[in-house]
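Let me begin by presenting the structure, written as structure tokens, before commenting on it.
Nothing in this text is a laboratory measurement; each read-out follows from the coordinates by a stated rule. Remember, predicted model here, so these are calculated numbers, not experimental data. Neighbour counts run over all protein chains shown; Cβ positions are idealised from the backbone, glycine included.
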């Protein structure tokens with residue numbers, strides 16, 4: 001018969017050590033072999049450098065040429081400075097030449113961009129949000145029309161647009177440039193795709209359950225989430241309207257309503273007319289001034305290009 005004391009002592013005694021179990025080995029840090037490192041492609045580096053040069057050389061030429069006089073443009077190398085640094089004189093003469101018409105062209109361009117690009121962005125946001133988050137009959141047909149409109153170049157619609165606006169008596173007016181600029185099929189498609197992924201349906205349903213109407217849901221819930229897409233569409237439409245040349249060329253004949261693209265082209269063609277004055281230095285300087293607002297817009301709005309604004313807003 002087993003003694004209770006012996007049994008208790010056996011239970012309290014520590015278990016015998018297993019001498020057959022091998023001792024744990026420490027993990028040595030893994031050495032990174034050369035095969036694990038990202039491989040550098042010489043061909044890709046060369047191609048990237050060529051694209052960079054292709055993009056920067058025209059800007060460098062423009063900045064350097066804007067510092068030269070009319071005579072200095074012909075007597076010096078294109079990518080190097082002339083002896084006379086005339087940048088400030090060129091800027092002053094650009095804004096005062098021909099009774100300061102350059103300022104009028106600049107204001108016209110700002111008007112076309114403000115109303116045209118701004119209106120196009122607003123309509124694209126409304127249309128893209130509705131197409132992405134509401135189901136209605138004919139939705140697929142609208143999608144097909146939008147895709148088809150993206151594939152049609154704007155120059156192909158310039159002449160029919162001119163005929164239509166001439167019937168309404170709107171040619172040679174700012175509305176002939178602003179109204180066609182309000183339609184941006186690519187911006188609508190971009191906002192449609194972006195709103196589909198950026199706005200969770202559960203978030204909209206939660207806002208509606210809390211008593212928010214459709215307008216409040218759009219402005220308070222959806223619109224902040226669409227900020228990156230809105231900025232992207234705004235920049236695309238702004239650049240397209242700012243650089244628009246063919247549509248104003250067809251619609252406008254009064255130089256007082258010219259945008260910068262048509263105005264600088266008219267200065268450039270002065271040398272080819274009888275008795276015309278060559279002002280290539282002003283054309284170059286005006287072109288440099290023209291691109292500065294676009295560069296500023298990209299630098300100021302790039303902080304809004306953020307992704308994942310809706311991350312964590314819905315818990316699944």
Sequence ranges 199-208, 65-74, ranked by mean other-Cβ count within 10 angstrom, highest first: 65-74, 199-208
Calculated log₁₀ intensity ratio I(q)/I(0) where the Debye formula runs over C-alpha points of segment 99-216, q = 0.18 Å⁻¹: -1.03
Residue order, fewest to most beta carbons within 10 Å, for 97, 189, 54: 54, 97, 189
Kirkwood-based shape ratio for segment 84-304, expressed as Rg/Rh from alpha carbons: 1.07
Theoretical gain in end-to-end length, residue 205 to residue 104 [0.36 nm per residue, Cα-Cα removed]: 31.4 nm
Packing-based ranking, highest mean first, of 294-300, 179-185 given that Cβ atoms within 10 Å are counted: 179-185, 294-300
FRET efficiency, 1/(1 + (r/R0)^6) with R0 35 Å, evaluated for residue 157 and residue 60 via beta carbons: 0.45
Likely footprinting exposure, 150, 51, fewest C-beta neighbours within 10 Å first: 51, 150
